[in-house]
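Take a look at the structure below.
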Amino acid sequence: MKKKILIVLLIIIIIALIGVGYFVFTDMQQEKKLKTELTELSELSNAQNIDIDEINNRLDRIVTKGDYAIVEEAFKTYLRENFDNSIKIANILNDEKITTLLTVENYKEDGKDFNKSKEYITNTRTTLEDCKNKYIEFLTEEKAMSYINDKGLDSYYTDLYKDEFVGDMSSASQDTTVQDSIDEIIKLLNTSEKVFNLLSENQNSWELDGENIVFDNENLSNQYDELINSL
């Protein structure tokens, strides 16, 4: 009788160990899949020729299950919002209209009130300042962790999110390349606005002569030249 009980207990233990082993193996596979997915996403975003469509496809899909899927979705949501904001910044910085504001062609088209140009400057500057603030915020650990902290996950998964995917944000936050580029464009917009204010407030004191702008008094000409030379 005792021998039969021992055999039954042994079978139960073996089954339990097999079950635990299966779940551990499955967990390891899910974690590996998650790390591979995010590594490939990182490689796509750092490629010389960025495939935006492929990045969007990766951000829109979930390849893991269970708690790992929650981690994946949280991090991809963070990446998605960061990515969309960065794309918006890039589109504005590459907008050719910014570089054509202070041209004779624009003076002819929008002068002498320059209402369209002033409105464009106001809207673009507001958008850029908002995007810059968001960009800086995205580079903080507090912002990155806000996407996972309210998910009710075991500390193992939040630690995985923080240590493996978020990492140390200090080096990224110290790189001011993007902020400096935004500031340069805002400076250009501010100066352009001053030029348009000067011209619209003195409409009877200047004319276009071919590809040149001509003023009827030296003081106004000097003010204009000073603004243009400050760019």
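Treating the beta-carbon of each Lys and Arg as +1 and of each Asp and Glu as -1, no other charges, what is the dipole magnitude of the stretch 21-118 about its Cα centre, to the nearest 20 debye?
Here the stretch 21-118 has a charge dipole of around 200 debye.
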Exercise for the section: Using the Cα centre as the reference, give the magnitude of the dipole from point charges on the C-beta atoms of the stretch 118-218 (Lys, Arg: +1; Asp, Glu: -1; all else neutral), rounded to the nearest 20 debye. Expected result: 260 debye
Problem - Principal axis dimensions, largest first and in whole angstrom, of the chain by Cα - result: 117, 28, 25
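Relative contact order, percent, of the stretch 92-202 when contacts are C-alpha pairs under 8 Å separated by at least 6 residues? All intermediate terms of the calculation are to be shown ahead of the outcome.
Working: 51 pairs, mean separation 49.2, N = 111.
So the answer I get is 44 percent.
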Exercise for the section: Grab the Cα-Cα distance for Thr39 and Lys151, subtract it from 0.36 nm times how many residues apart they are, and report the gain in nm with one decimal. Expected result: 38.0 nm
Handout entry: Separation in nanometres of the label points that stand 7 Å from Cα toward Cβ, at Lys108 and Leu93
Key = 3.3 nm
Fill in the blank from the handout: Partner lysines whose C-alpha sits under 22 Å from that of Lys116, ignoring same-chain residues fewer than 8 away, are Lys88, Lys97, Lys108, Lys187, Lys194
Exercise for the section: Give the residue from Ile186, Gln30, Thr122 lying farthest towards the positive end of the charge dipole for the chain; charges sit on Cβ (+1 for Lys and Arg, -1 for Asp and Glu) and the dipole is referred to the Cα centre. Expected result: Gln30
Problem - Whole-Hz ³J(HN,Hα) from phi, Karplus 6.51 cos²θ - 1.76 cosθ + 1.60, for the stretch 110-115, glycine and proline x - result: 10, x, 9, 7, 6, 5
Handout entry: Largest to smallest accessible area among Lys194, Lys116 [probe 1.4 Å]
Key = Lys116, Lys194
Problem - Electrostatic dipole magnitude of the stretch 53-162 [Cβ: Lys, Arg +1; Asp, Glu -1; Cα centre; debye, to 20] - result: 200 debye
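The values are calculated or read from the model by the stated rules, or taken from the named source; none is laboratory data. Since we're looking at a predicted model, the values are computed, not measured. Cβ atoms come from the backbone with ideal geometry, glycine included; neighbour counts cover every protein chain shown. These area figures cover heavy atoms from the full protein model, side chains too; ligands, DNA and RNA do not enter into them. Shrake-Rupley method; radii C 1.70, N 1.55, O 1.52, S 1.80 Å.
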